[in-house]
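First the structure, in the form of structure tokens, and then the observations on it.
The values are calculated or read from the model by the stated rules, or taken from the named source; none is laboratory data. This structure is a prediction, so every number in the text was calculated from the model and none was measured. Don't worry about glycine lacking a Cβ; one is built from the backbone with ideal geometry, like all the others, and counts go over all protein chains shown.
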Amino acid sequence: MIHPRTLRVDYDQTTGVVCVVGSELNVNLNRSAPPSSRFFSVKCTYSVQYSISSSPQQTSHLSPIPLNGNSVLLIRMSRASQHENDSKLSVRYYGESKEVLGRAVLHLTAVEISLDVDADRDGVVEKNNTNKGSWKWGPNGHGAILLVNCDSEWAYRKKPDREQDSVSKVSDLKDMSVMVLRTRGPAKLPEGYKLTMHISQGDAESVRVFRSRISQTKNNTLPEKLFYKYFVKDYPLVLSSEVLSQEVPYVGGAAEMTFYVEGLRFPDQDFSGLIRINLSLLEPIATGLPETPIFTDTVALRVAPWIMTPNTLRPVEVFVCSTSDNYQFLKSMKNLVAKSGYKLKICHEYMNRGDRWMQDEVEFGYIDSPHHRFPVVLDSPRNGELLDFPYDELLGPDFGYVTRAAQRKDVSSLDSFGNLEVSPPVTVNGKHYPLGRIIIGVAFPTATKGRNMTKVVQDFLWAQKVQEPIALFSDWLYVGHVDEFMTFVPAPDRKGFRLLLASPDAGYKLFRGLHNDGHGQAKLFEGLGHEEPVTVDEILNDGGLQAENNYVQSCVDWNRDVLKRELGLDDQDIIDLPILFKLVVQDEETEYRAVAYYPDMVNMIVLGKNLGIPKPFGPKVNGRCALEAEMCSLMEGLGLSCTFIDDFASYHKLLGEVHCGSNVRREAFDFKWWNVEM
């Protein structure tokens, strides 16, 4: 890219000029000529290239040529100078009779200046990429990537690195993006010239830049084994919200200076995620006057979004709480996780303080760049007794933390993260969502006093862009979470997954079949001493319960249609699970909302091909629970194994199930988010 610069010269004077290789000096000859000038000629040393806009056909300008208002001298330097003022150019001006009226002389010093980032996203900072100053999505896109430095290099001194005043540890540099200033030229710049790095006020809240004082290896990065030889003081702060502009050293000869760029904020409603960093060469005018920029190089970086992981990705760790009353549940979870081959992390009671709803407190995701990737936990604004867990137990080296604070009066049950899910990758009307789509629950569009997920969380989710959210209607539920009526499981065919939906219709169909086969007296909840058994026929004869489930089915069907439309699904991609609900009055309100009639089998944990499903305690036929049998029949056709976990007393009676009481950190997508087509 050519950087044009208008240059003012005076006749009968010698002007020292610094020219940046790759830039072009434009001199309006008519404007700088003596009065009555009619002709001019140009002479230069071999290292200077020039042309004249008004006479492109001429190859030599040593003889006088006519001067007019369009005579512009275009000067370029093809390589850096070895010494100050080692190149010359002169312009002679002539009168009507070709008499010499004056002469302007330029002493030129050429320097190479390039501020570079990994604009082609291959993990290497290439030199002077022509696209480094802009950002483009897609596999053929360009532009560097920046991580929010939201982990903590100190495992015990809890504080995200982005909140530290300096580089907290030298190992922290791997979380930052490398930026390289490359220069070539004389041993020093001419008197008064200087290099300055600067950012806008708008970007300053979102980024910081540190400089390395350490001599670098040829590929601009220190080997990992050398990181710990150096000290934090070797990486001074250059730019921040308090320092928008700062001079940076010019190192003579052929030199490279490494900078580390740190993201401070995730994309949000007031921040697109795009940042620009500038480097300018400043020229002195006169003592006491400000310098003026004569060359600016700009690089663009985009802050990596926070990305959620769907059930179809491989698990890494399973999280569950230990409480005084969930011993059997915990034992079953341990067995399932061990059988599946994953790690189990138990949050003990001293930390959870009786709050068992691990799914509601946090959502696991990650951030990614060509040079580094690490998991990041999103902490919900629900702030139950588990509120210290994500910060105190998860935040650490290469494990980030982010939250969105809300006014307490604005937070409802819908802000718990059982109400935050993500689909597997889908294609909808030709548009590909390779990282899936986020799913949240809100109030019905016509509701006047319904509950909604708080705006700060919704704004955050929308701003990440790469997993465009879908809003479902979940306020009809007492708890109000989407995981109470839907989930995804992996599948070997079609789109690679199935959407599972709670379906009262499927439940009634199953029970009517049992009645027709002579099993109308089979009992639900049999063997649960603390629960009154109920027969299949009693359920079928309960007209009020039937009406309530018709309402629930209509709510599920509304969401079914939204999901089919927004995820590009066919009915063959959806499996209806036989689950009944009942309506209860919520608190002192007169509105009725739904809770599961028996353990809600859709509220499961998905660990590869193993499913941990709430044990429904349904009617037994030939010694086997008919609901379990139906569930196994539906899932085993997909190659999935069902394990039924008794959560009745410790979770179901408290209006939650297996999924509500557990959480899973999963591997990241192989697909790189910057290759998403926007």
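Exactly one residue among 562, 606, 552, 602 is modelled with pLDDT of 95 or more, under 17 Å from residue 499 (Cβ atoms), in contact with a helix residue (DSSP H, G or I) (Cβ under 8 Å, 6 or more places away or on another chain) and of a type in the set (Val, Ile, Thr), and that residue is 602.
If you go through the range 208-220 one residue at a time, do you hit one that is modelled with pLDDT of 90 or more and within 25 Å of residue 107 (Cβ to Cβ)? No, the range 208-220 contains no residue that is modelled with pLDDT of 90 or more and within 25 Å of residue 107 (Cβ to Cβ). The numbered conditions (1) touching a residue at least 12 places away in the same chain (Cβ under 8 Å); (2) under 23 Å from residue 617 (Cα atoms) are all true for residue 450 except (2). Look at the range 567-584: where a residue is closer than 22 Å to residue 627 by Cβ and in the same structural domain as residue 468 (by TED's automatic domain parsing) and a partner is surrounded by fewer than 20 Cβ atoms within 10 Å (Cβ to Cβ) and of a type in the set (Asp, Glu), sitting 6+ places away or on another chain with Cβ atoms under 9 Å, you get 576/505; 578/505. If you filter the range 642-669 down to residues that are under 20 Å from residue 363 (Cα atoms) and among the acidic types (Asp, Glu), you find that the one that is nearest to the chain's Cα centre (by Cα) is 667. Among what's in the range 150-178 and is polar (S, T, N, Q) and closer than 16 Å to residue 211 by Cβ, pick the residue that is surrounded by the most Cβ atoms within 10 Å (Cβ to Cβ). Applying the filter and picking the extreme gives 177. Of everything in the range 75-104 that is of a type in the set (S, T, N, Q) and part of a strand (DSSP E or B), the residue that is surrounded by the most Cβ atoms within 10 Å (Cβ to Cβ) is 87.
Which of the following residues is assigned to a strand (DSSP E or B) and under 26 Å from residue 636 (Cβ atoms): 499, 563, 583? Answer to the check: 499.
Looking for something in contact (Cβ under 8 Å) with a residue 24 or more places away in the chain, within 30 Å of residue 130 (Cβ to Cβ) and of a type in the set (Lys, Arg) - is there at least one such residue anywhere in the range 64-82? The answer is yes, given that some residue of the range 64-82 is in contact (Cβ under 8 Å) with a residue 24 or more places away in the chain, within 30 Å of residue 130 (Cβ to Cβ) and of a type in the set (Lys, Arg). Of all the numbered requirements in (1) farther than 20 Å from residue 313 by Cβ; (2) in contact with a strand residue (DSSP E or B) (Cβ under 9 Å, 6 or more places away or on another chain); (3) buried (at least 19 other Cβ atoms within 10 Å of the Cβ), residue 439 misses one, and that requirement is (1).
It is to be established whether one or more residues within the range 642-660 are closer than 30 Å to residue 143 by Cα, modelled with pLDDT of 95 or more and not small (Gly, Ala, Ser).
Checked against the condition, which is being closer than 30 Å to residue 143 by Cα, modelled with pLDDT of 95 or more and not small (Gly, Ala, Ser), the range 642-660 yields no hits at all.
Residue 107 satisfies every condition listed in (1) surrounded by 19 or more Cβ atoms within 10 Å (Cβ to Cβ); (2) closer than 30 Å to residue 12 by Cβ except (1).
Yes/no per residue for (1) closer than 27 Å to residue 433 by Cβ; (2) surrounded by 15 or more Cβ atoms within 10 Å (Cβ to Cβ):
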| residue | (1), (2) |
| --- | --- |
| 568 | yes, yes |
| 571 | yes, no |
| 586 | no, yes |
| 601 | no, yes |
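Filtered by the rule that a residue be surrounded by 19 or more Cβ atoms within 10 Å (Cβ to Cβ) and either touching a Gly at 6+ places or on another chain (Cβ under 7 Å) or more than 25 Å from residue 108 (Cα to Cα) (or both), the range 258-296 gives 258, 259, 260, 261, 262, 263, 264, 266, 267, 273, 275, 277.
Only one of the listed residues (383, 335) is assigned by TED's automatic domain parsing to the domain that holds residue 609, surrounded by fewer than 21 Cβ atoms within 10 Å (Cβ to Cβ) and in a helix (DSSP H, G or I). That residue is 335.
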